[in-house]
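Accompanying notes for the structure given below.
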Amino acid sequence: MPELERQYQLLFDQNPQPMCVFDMETLAFLAVNDAAVAHYGYSREEFLGMTVLDIRPPEDVPALLAYFSKTPVGLVEAGEWRHRKKDGTIIDVAITATRLQLQGRRVTVASIQDVTERKRAEEALRFSIQQFTSAFEHAAIGMALVSPTGRFLKVNRSLCEITGYSAEELTQTTFQDITHPEDLERDLAHVRQMLAGEIRSYQMEKRYFHKGGHIVWILLSVSLVQDAQGQPVHFIGQIQDITGRKLAEDRLRETQSRYRNIIEATFDAIAIHENGVILEANEAYAKMFGYTVPEVIGKHVLDFVAPESRTLVSESVREALEAPYEAVKVRKDGTLLFCEVISRTYEYQGRKARLAAIRDITARKKAEAEAGRVQALLGSIVEHSPNMFFVKDAQDLRFVLFNKAGEELVGYKREEMIGKNDYDFFPKDEADFFTAKDREVLASGRLLEIPEEPIQTRHKGLRYLRTLKVPILDQEGRPRYLLGLSEDITDRKHLEEQLRQSQKMEAVGQLAGGVAHDFNNLLTGILGYCDLALERIGEQDPLRSDMGEIKKAGDRAAALTRQLLAFGRRQVLQPKVLDLNLVVADLERLLRRLIGEHIELGTRLAPALGQVKADPGQVQQVLMNVVLNARDAMPQGGRLTIETANVQAGRIGPNRHGSVQPGPYVMVEVADTGCGMDAGTLERIFEPFFTTKETGKGTGLGLSTVYGIVIQSGGCLEVQSEPRRGTKFTIYLPFVEEAAGDVQGIQAPEVTAGTGTVLLVEDEDIVRNMVRSVLDQNGYRVLEARGGNEAVRLAQQHEGTIHLLLTDVVMPLMSGPEVVRRLLPLRPDMKILFMSGYAGEDVLAHGLSGKGNVFLQKPFTPSVLLSKVRETLLSTST
């Protein structure tokens, strides 16, 4: 028996779960094991001087005493209670206890398990389910859970409002029952594809039958939820009412039809021509010159012009002049007549043409109308943007411009917004935030990106925006207006939160890549149309300065996009032979603005400085990152010096970062008189995400980027710093021996007109339209396709030569590389030029690899586009 008692005692003492023995009469602890001592924080001696009531919260004691009074000897039971540790922490415990007689006493032997974390997890799960249910029920758009067979399992209030049915009625039916028959098969085909695992989601426009009997147009987005075994559980559907938009599209088509009828019915003579060749004319035009309409089509406008006016009309056609002019015309029978001609550029069957009208109106009215053409073009771009555009005056921050997307987002008409500020529409804390950011942009003179800002809208509730703000300066360089571009990221934010909960990080990465691609497409359109507009605006036109500022803002936005895409991706460098003195001189003015007037900037540039071979943009980025770091180290002011010199490899110190090859180097050094760094900081300054700045003031990526660029360029770095003694960054790049005449600065690409047929494949309308316009205006014939299948069809139908295929890389249904693989067997001599808004590695992931592929990175300007097209056409390989 002693051996058996010893074994039981050992089992009690060494049990990993806390255990105790207490007297049922006095409730005093008689024994506790080591696990109980460690878990509760009391010593064994303290435990033996306490009762079980001492480790209970006071409010739990009455219930415990009542429980003990009803518990007979011999009962083995389990339950959950609350205990209190020595430090006061309240924990949840599960207790398994046995009541027995021991040496004449009634005692309880208890085993204790801490279940605090489990209880918290259960509570968190309940909260998460409540959050999802609330978001589902209160979503501003229709939401539904649908079984694989199509039956509605759960619907929200918005869907009931869209369809007119109650939730009870909808859950007794299927989506097939309320879908228009003409849309049903297409919808079911998508469902079958999802159930077969061919697609993960789909989106389509379709029609519902409203309970009231009328048709409701909706935009439907569907995804499939599967169980752990991959079996379908239900579909999640998002339903947005687009009936209003569809009605607007019908009205637009009716307007266009009426416009064509008006042209034909008018008494004015009207003709549409392309480069002078008449494409279409009305009866009045043909009758004016004594011809029939078929006789007029195909003739040149100069065929109707008297000799004395040919120079004037030729110039008008060639230069696409907008001003009205008087000319002498000639009829078929040789008689002359004087006409007042008014012409404008016209979108005709997918290409740019000119509409000429002979009207009995004053020249002044036509000139005023034509002077507003460029403003109308820009207004159209802004008005039809899917994102909110707004402009405020710089002094009072009152709205002076607001687009349609902004109206739909915030819920106020522009007539209500114009002349008022944020405090008239939004809660004070939001208005304070918007105003502070506006003032920050106007004070800095630079573009500011606000990744996420909440806004309380009139009808859509709380939304989240990603906003870009940039000042528009007057001719004296002072802020005149503030331009803002806001993207509604609410849906994406909610999606990202759901994806994070389910740990689907791959989908988050694809979403981020898509946003970058779309942003580059937008910038391509904005910058391209800016350049086209600038070509048509005179040097003295007051609009030219405003357009220039918009272009500068677009260029800065494009540069920001490239910087964001560069980190974490291996961008292909474009090295050029550079004179670092010229690079520093070109940057000096910008750097002075960046560092502020409280810092003195000086340069010591070595004469006869050697050349280096590096990417000019990357070198500029290196200098700007280092200078900005120096600026932040001198908040109270100081001196910053940039020095260049020719050095030999032997002069480079042993504490460098990067390898050194024997031979000459070119050095650029940035020294400041700031706060300096200690040895521990110096050891980590090039580590990604390491920063000594307070939260929100730095990403820790600036110097990591500097290191990567310099090392990839074949150079190395040295850093010298001590606390309160300033910092010196020294960058070494290998010297290259090339004749001075071979050193080329960063020049604008040569723009020349060309000839040939170009097959253009681009799914983004704004990019495709801009590219088509540029190529049309510069002598190229353009075959236009919105996707791969349409491109293959055009190539098969076109009888002439296609000299160049210009295609986007990433497109729905068929990628650019796949288009090339389909077309090259049909047209082996066709040259290929790819374009994309994705970063380098994203493009490679879509099949664009190997030597010989010519690539045009979005965003690009018309001049860069024309240069790359001409370069590709003149190349010797396809």
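The values are calculated or read from the model by the stated rules, or taken from the named source; none is laboratory data. Predicted model, so just to flag it, every value in this text is computed and none were measured. Note that we place each Cβ from the backbone using ideal geometry, even for glycine, and neighbour counts take in every protein chain shown. We work out accessible area using only protein heavy atoms, side chains counted, and drop any ligands, DNA or RNA first. Shrake-Rupley method; radii C 1.70, N 1.55, O 1.52, S 1.80 Å.
Here are the numbers for this structure:
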| quantity | calculated |
| --- | --- |
| All positions within the range 657-668 that are among the aliphatic types (A, V, I, L, M) and in a strand (DSSP E or B) | 666, 667, 668 |
| Within the range 594-656, strands (runs of 3 or more DSSP E) holding 3 or more residues that are open to solvent by less than 20 Å² (accessible area, probe 1.4 Å) | 599-604, 638-648 |
| Answer from 805, 824 - the residue that is at pLDDT 85 or above and open to solvent by less than 10 Å² (accessible area, probe 1.4 Å) | 805 |
| The range 144-187, residues that are over 22 Å from residue 224 (Cα atoms) and hydrophobic (A, V, I, L, M, F, W, C) | 162 |
| Residue ID - nearest to the chain's Cα centre (by Cα), chosen from residues in the range 140-154 that are open to solvent by less than 30 Å² (accessible area, probe 1.4 Å) and over 19 Å from residue 491 (Cβ atoms) | 146 |
| Criterion violated by residue 101 - all others in (1) in contact with an Asp or Glu (Cβ under 8 Å, 6 or more places away or on another chain); (2) under 24 Å from residue 11 (Cβ atoms); (3) among the polar types (S, T, N, Q) satisfied | (1) |
| Every residue from the range 210-226 that is open to solvent by less than 40 Å² (accessible area, probe 1.4 Å) and more than 15 Å from residue 243 (Cα to Cα) | 221, 222, 224 |
| Flag for residue 173 being at pLDDT 90 or above, open to solvent by less than 50 Å² (accessible area, probe 1.4 Å) and at negative phi | yes |
| Residues within the range 6-43 that are part of a helix (DSSP H, G or I) and surrounded by 14 or more Cβ atoms within 10 Å (Cβ to Cβ), tallied | 7 |
| Selection status of residue 409, of a type in the set (A, V, I, L, M, F, W, C), on the phi > 0 side of the Ramachandran plot and either out of contact with any strand residue (DSSP E or B) (no Cβ under 8 Å at 6 or more places or on another chain) or not in a strand (DSSP E or B) (or both) | no |
| Count of the range 377-402 residues which are over 20 Å from residue 523 (Cβ atoms), outside any loop (DSSP other than H, G, I, E, B) and open to solvent by less than 40 Å² (accessible area, probe 1.4 Å) | 4 |
| Selection from the range 387-414 of residues that are under 27 Å from residue 537 (Cα atoms) and not aromatic (Phe, Trp, Tyr) | 387, 388, 391, 392, 393, 394, 400, 401, 403, 404 |
| Members of the range 761-818 that are over 30 Å from residue 319 (Cβ atoms) and of a type in the set (Gly, Ala, Ser) | 785, 787, 788, 791, 795, 815, 816 |
| Residue under evaluation residue 88, criteria (1) at pLDDT below 90; (2) not in a strand (DSSP E or B), criterion not met | (1) |
| Members of the range 287-307 found to be part of a helix (DSSP H, G or I), free of Cβ contacts under 8 Å to residues at least 60 places away in the same chain and open to solvent by less than 60 Å² (accessible area, probe 1.4 Å), listed by number | 293, 296, 301, 302, 304 |
| Number of the condition not met by residue 161 [criteria: (1) open to solvent by less than 30 Å² (accessible area, probe 1.4 Å); (2) closer than 13 Å to residue 239 by Cα] | (1) |
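Okay, residues lined up against (1) touching a residue at least 40 places away in the same chain (Cβ under 8 Å); (2) within 19 Å of residue 716 (Cβ to Cβ):
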| site | (1), (2) |
| --- | --- |
| 610 | yes, yes |
| 625 | yes, yes |
| 645 | no, yes |
| 661 | yes, yes |
| 673 | yes, no |
| 678 | yes, no |
| 687 | no, yes |
